[in-house]
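What follows is a set of notes on a single structure, which appears directly below.
Derivation of every value follows stated rules applied to the coordinates shown; laboratory data play no part. On a predicted model such as this, the values are computed, not experimentally measured, just so you know. All Cβ positions, even for glycine, are placed from backbone atoms using ideal geometry, and neighbour counts span all protein chains on display.
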Ligand code: ATP
Ligand code: MG
C-alpha cells in the first residue's frame, strides 16, 4: 500500500516511537524525487483498479447545498487532474516553478486543479474566498503569482486590481459563464487530453506556499516542499486521524488555510480514505449536525470555534450513526467544550497542535489518555526550551520549539518567502521557535499557555490567557471569552476578560455578574489570575479562519492602533 512505502521516512514522527528514538536520520532516508500525485494518488488509483481498495467508497465525496453530489474515485481524480495539468501547462503556458493562486470555494475543481499543479510542479498558493480586493492585491504582489484561478463571484475583485499587478499574466475562471480577459477552465478541460507525463519533482523542491492565518500580524508566506506535506502528513493521517481506506473524513475548514491539508487533502489521501465535503457558504451549526446524521461520516475534524457553536444546540435530537472519531485543532480547545460534547454525544475530542510552518507537532491519538486542556504528546524531535535554548524539565514553562540542528526536519517549512530576516528570527540556537508558550508535564503531555505575545505580566506574575479563559468558560453564563492585558497604574498590567454571554442566560446585572465571574475564577484557578476588568461584548475580533485576535483587543486596551 502507498502508506507502507512511507513508514520508514516517518519513523520519528510516529507517537509509538517516542522512546528510544535516535537523532533524525530522516533526511537521509528521503527519496530524491517525490511527487504526491504520482507517488501516492496514482498508487491508490492502481489499487482501486486491482480491487485492493473498495470502489464503493469515493476518494472525494462532494455534496452541494442543493443536495447535488459529486463522487470521484482515485481513478477519476487521476484522470481529471491530468486533464487539469494539461490545461495549466498547455493552455495557460505555465511551467514548473511558476506560482499560481488558487482562490476557490470548496468545489470539486479545487482538488483536481491543485493535484494538477502538483503533477506539473507548479507551485500552488491557496487563498480563501473571503478575501477583499485589497487582500487579493497584497497576495498577488507578495507572491509574484503568474496566474490566479477563481470563480465568477471573485473575478471582479481581481479585475479591480489587475492593472497594478505586474506579475500576473493569466486569469483562469472556474464558472459556467465567460468573462473578458479570463480563460474558461471548464471549456479548456473538455478539450484537454486525459494523459499527462508527470514532471519529476525533487523531495526538497517547493510544492506550495501557504499564507498564515494572520492572527498576530500580516499573513506570512510559508513555503513547503513536496515531501513536507506529501510524506510528513503520514503520521497525521494514520495516528491522529486514525484513518484507513474505509473511513470517510469531514474536515471543516476553508481551503485557504493549512488546516485543510490535515482534514481534506494530504492526510486522508495518504491513508486512502475518503474526503467528504459539503459546500456550505457560511457556517451553520444545524447544517453541520444534519450532515453528520445524514451521511456515513466516520471522522470529523473541526476547530474549537466550531465545537463551541455546536454544543450550544440540542445535540440529543441528532443521531450520528457512523461517527466514531472527533478531532480539533487550530486553537486551544476548552475542557468545558470537550465535556459538553462528550456528555451530549458520548464521544471524546482528540486535540492536535500544529502551525502553517509545520505538520502536526503535538497530538492526542486514539488509545492515548485524554487530559482535557492538554494538546497531547510530541514527536521526539520537538522540545520545550527556555530563553537560552536549554531543554526544560517537566513542569516549567517555556517556548515550544523544534530542533533543527544538525538536521532540519524535512516536514518543517523551508522558509518565509522573500523574508530572510523573519526566517532567521524564527530560529534560536538549534531550534525553530513556534512563538507559542507551553509546559510539558511528567507524562510528556504539553499544555498550551498562550502565544508568547499574549502572555500577561501582572505584579510580577506571568499569566497565560488560555487558563483564565477556560476558567470563565466553566461558568454557565459564559459562551466565549478572550483574555488580554490592560494597563493599570499600580500593577503595570492587569487581566481583562471580554465575555460573550450564553444565549440562554437572561439579561444580567453587569456589576453583579462581573463579581460573580471574578469569584468563580478565583475558585477554579490560582486567585492572582482573576480578571480585574470584565467587559461584556456581542462578538470578539476574529481572523477569517475564526481565531480570536487577542492582539486587536490588547491594542484597544492600550490605545494603540
Ligand atoms: P500568524 O502566524 O499569521 O499570526 P497563526 O499563527 O494563527 O497566524 P496558523 O499557522 O494558522 O497561523 O496557526 C498556528 C497557531 O495556532 C499556533 O502557533 C498556535 O498558536 C495555534 N494553535 C494551533 N493548534 C492549537 C492547539 N491545539 N492549541 C492551542 N493553540 C493552537
Ligand atoms: Mg503563527
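Quick notes on this structure:
- For segment 172-299, share of DSSP beta bridges that run antiparallel, in % to the nearest 5: 45 percent
- Sequence-distant contacts, meaning Cα pairs under 8 Å at least 6 residues apart, place the relative contact order of segment 298-377 at 27 percent.
- Subtracting the Cα-Cα distance of residue 560 and residue 422 from their residue separation scaled by 0.36 nm leaves 47.4 nm.
- Cα gyration tensor shape of segment 425-561, rounded if a/c is under 1.5, else prolate or oblate by comparing a/b with b/c: prolate
- If you wrap the tightest convex hull around every Cα atom of segment 196-337 and split its volume per residue, you get 144 Å³.
- Between the C-alpha center of segment 405-437 and that of segment 475-491 there is a gap of 32 Å.
- Share of pairwise Cα separations in segment 319-477, more than 19 Å, in percent: 59 percent
- Cα gyration tensor category, rounded, prolate or oblate, for segment 389-449 with a/c compared to 1.5: prolate
- Fraction of antiparallel bridges per DSSP, the chain only, in percent to nearest 5: 60 percent
- Helix-only [θ]222 nm of the chain, DSSP H runs n ≥ 4, -39500 (n - 2.57) each, per residue, nearest 500: -7000 deg cm²/dmol
- Here the alpha carbons of segment 172-280 define both size measures, Rg and Dmax, at 16.9, 48 Å.
- The relative contact order of the chain comes to 12 percent, based on Cα pairs under 8 Å that sit 6 or more residues apart.
- Here segment 508-539 and segment 128-170 have alpha carbon centers that stand 45 Å from each other.
- Mean projected area of the Cα convex hull of segment 252-401, taken over all directions, amounts to 10.0 nm².
- Based on C-alpha pairs under 8 angstrom that are at least 6 apart in sequence, segment 405-458 has a relative contact order of 21 percent.
- Relative protection proxy for 55-63, 293-301, from highest mean packing down: 293-301, 55-63 (other beta-carbon atoms within 10 angstrom).
- With 0.36 nm allotted per residue and the present C-alpha distance subtracted, the residue 386-residue 47 stretch has 117.2 nm of extension available.
- Prolate/oblate/rounded call for segment 189-248, Cα gyration tensor, a/c under 1.5 rounded: oblate
- Normalised alpha carbon radius of gyration of the chain [divisor 2.2 N^0.38 Å]: 0.97
- Segment 175-244 and segment 46-124 have their alpha-carbon centroids 10 Å apart.
- Hydrodynamic radius (Kirkwood) for segment 449-522, which is based on Cα pairs only, to one decimal in Å: 13.0 Å
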